[in-house]
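The values are calculated or read from the model by the stated rules, or taken from the named source; none is laboratory data. A quick note: this is a predicted structure, and the numbers were derived from the prediction, not measured. Because the Cβ atoms are built from the backbone with ideal geometry, glycine has one as well, and the counts that use them run over all protein chains shown.
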């Protein structure tokens with residue numbers, strides 16, 4: 001299989017930038033990061049299909065023999081599906097981010113409240129349980 | 001006949017979901033439609049399981065495109081068994097949700113609940129039945145998109161915060177899944193799992209192990225194995241209790257199923273991956289249960305036990321023997337049922353008490369003895385007290401582990417026993433805080449606009465009945481243990497000889 005170096009580099013850049021943005025605390029950056037990661041993954045899938053070629057139609061007009069000089073259509077179909085899915089989920093995520101902004105006033109990812117409470121509780125501060133009372 | 005039935009567990013709920021949106025003004029019709037559809041899926045799944053067990057693996061090539069060009073749907077013993085159990089659980093939880101909705105009158109879960117629930121059912125069925133890696137991705141997405149809506153159904157600040165974590169983590173897992181599919185396609189030129197199994201066997205070992213580990217990370221996020229589990233206890237407890245129950249029972253198990261399927265079919269006999277799985281299993285068990293010990297909220301405590309007990313299933317897979325896999329499958333069946341029941345019971349407790357906090361509850365057994373039984377039975381089963389189903393499933397795994405005799409396998413046995421004891425401690429601590437001691441005041445509802453009113457003191461019969469039904473289902477595993485273990489042993493036998501799966505998908509029926 002031959003690869004396209006430019007495309008490979010681009011995929012690498014998209015993955016690294018996407019990962020960096022995903023590690024931020026602001027929701028808008030996370031959404032953009034996920035978008036970039038998604039583009040990277042889609043390009044990778046496209047790259048996996050091999051070199052570009054003629055349109056993959058089996059015609060009498062001689063568009064090419066299937067599998068020899070045509071492009072592989074399967075990754076294109078899969079990328080299309082993946083794009084649609086990522087698009088749908090990203091819009092849902094944006095709606096959620098907006099809702100979060102309406103409710104809290106900023107778009108930072110909040111800490112888990114219960115988690116913080118559990119880690120604050122020191123052993124001596126916990127109330128003795130009912131069982132211990134009876135013993 | 002089977003060729004017609006096989007796609008139906010996916011198609012029926014999807015059609016019903018569309019119809020359900022149109023019926024959103026007629027709540028009764030909507031409820032009836034969901035119940036009838038899921039009951040139908042239960043019957044179909046039972047027929048599929050019988051056919052898979054008696055006549056062998058059933059395969060349908062969608063659209064008449066022969067494999068590996070088209071998408072194959074495959075019902076072997078493992079997928080049919082899990083399909084049946086999940087259909088039963090989906091139906092019972094639906095009845096529970098309807099009971100809750102009817103009792104809460106106008107404040108019932110909004111009309112979008114039923115369509116989403118049906119889409120979720122379709123996604124789960126598709127994930128179990130598909131024989132195509134990319135179709136598995138689509139199945140996951142169908143399931144997840146429905147779950148995104150369900151987990152944020154109430155739309156409060158807590159749900160949005162938790163839902164955000166859930167959506168971002170799931171979306172990241174999906175991107176990784178697309179990456180993994182791209183890599184598998186680049187290496188093999190196919191996404192049909194049976195075809196990929198054949199072609200992967202011809203590749204150098206390094207590439208195979210790398211692909212296996214990438215897929216393990218993808219499904220590990222879904223299945224919440226160590227160290228990829230922290231999203232689960234954060235997001236599950238905030239959803240309405242029927243939603244949490246069905247997520248706890250089924251969604252992580254779909255991830256476990258995907259790990260089972262891909263590792264046994266695509267990467268059989270990879271010693272390195274098996275070792276990695278065993279180490280991860282031990283860490284998942286121990287870290288998960290240690291997390292459960294310090295929780296104050298019942299739903300969070302139970303969420304950590306999900307993580308911990310996923311470790312048992314991964315352990316069975318890591319043993320890579322027929323007995324280990326049989327134990328893992330039996331454990332999956334047991335855990336789906338028991339974990340769902342526990343969350344349903346937690347929902348009932350929350351209704352009576354107005355809170356799921358252990359500190360604020362107490363003395364519930366004086367006013368709700370039935371509820372006490374409904375919580376205690378699955379809780380003891382989870383901890384593995386004989387003769388309940390958890391004991392039998394754990395026994396199968398431990399025997400397989402000792403049979404293996406390797407250093408990691410024995411370490412796993414020790415970790416599994418320790419985890420069982422700690423689970424017992426965790427669930428009994430919750431029991432004593434909630435059911436014993438002086439009767440606690442019912443905490444008044446804080447937010448009157450909550451979609452699901454808790455602390456109303458009423459527990460509708462349908463909710464209790466649905467919970468009791470799943471508890472009885474869990475108890476029946478004890479009585480059916482013999483035939484069920486034989487069935488899982490046969491399913492595991494299919495898994496250790498992946499050539500059977502490959503044969504039934506790739507060789508057309510006529511020439512077999």
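Table for the structure above
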{"quantity": "Unique match (being surrounded by fewer than 15 Cβ atoms within 10 Å (Cβ to Cβ), within 24 Å of residue B:506 (Cβ to Cβ) and more than 23 Å from the chain's Cα centre (by Cα)) among B:63, B:56", "calculated": "B:63"}
{"quantity": "Some residue of the stretch B:232-245 being within 23 Å of residue A:33 (Cα to Cα), within 14 Å of chain A (Cβ to nearest Cβ) and surrounded by fewer than 24 Cβ atoms within 10 Å (Cβ to Cβ)", "calculated": "yes"}
{"quantity": "Those residues of the stretch B:367-388 which are closer than 17 Å to residue B:308 by Cβ and assigned to a helix (DSSP H, G or I), in sequence order", "calculated": "B:378, B:379, B:380, B:381, B:382, B:383"}
{"quantity": "Residue list for the stretch B:288-300, restricted to those being part of a helix (DSSP H, G or I) and surrounded by fewer than 18 Cβ atoms within 10 Å (Cβ to Cβ)", "calculated": "B:290, B:293"}
{"quantity": "Filter result (more than 7 Å from chain B (Cβ to nearest Cβ) and within 22 Å of the chain's Cα centre (by Cα)) within the stretch A:97-111", "calculated": "A:97, A:98, A:101, A:107, A:108, A:111"}
{"quantity": "Matching option when the condition is in a loop (DSSP other than H, G, I, E, B) and free of Cβ contacts under 8 Å to residues at least 40 places away in the same chain, among B:70, B:56", "calculated": "B:70"}
{"quantity": "Residue in the stretch A:47-63 that is at pLDDT 85 or above, out of contact with any strand residue (DSSP E or B) (no Cβ under 9 Å at 6 or more places or on another chain) and within 11 Å of chain B (Cβ to nearest Cβ) present", "calculated": "yes"}
{"quantity": "Scan of the stretch B:145-175 for residues that are closer than 16 Å to residue A:79 by Cβ and more than 7 Å from chain A (Cβ to nearest Cβ), ordered by number", "calculated": "B:174"}
{"quantity": "Residue B:99 surrounded by fewer than 22 Cβ atoms within 10 Å (Cβ to Cβ), more than 13 Å from every other protein chain (Cβ to nearest Cβ) and over 27 Å from residue A:96 (Cβ atoms)", "calculated": "yes"}
{"quantity": "Hits in the stretch B:177-199 (condition: more than 8 Å from chain A (Cβ to nearest Cβ), surrounded by fewer than 21 Cβ atoms within 10 Å (Cβ to Cβ) and part of a helix (DSSP H, G or I))", "calculated": "B:187, B:198, B:199"}
{"quantity": "Matching entry among B:323, B:328 (being in a helix (DSSP H, G or I) and over 17 Å from the mean Cα position of the chain (by Cα))", "calculated": "B:323"}
{"quantity": "Residue check for residue B:367: crowded, with 22+ Cβ neighbours inside 10 Å and either touching a residue at least 24 places away in the same chain (Cβ under 8 Å) or closer than 18 Å to residue B:459 by Cα (or both)", "calculated": "no"}
{"quantity": "Single unsatisfied condition, residue B:201 versus (1) touching a residue at least 24 places away in the same chain (Cβ under 8 Å); (2) closer than 27 Å to residue B:281 by Cα", "calculated": "(1)"}
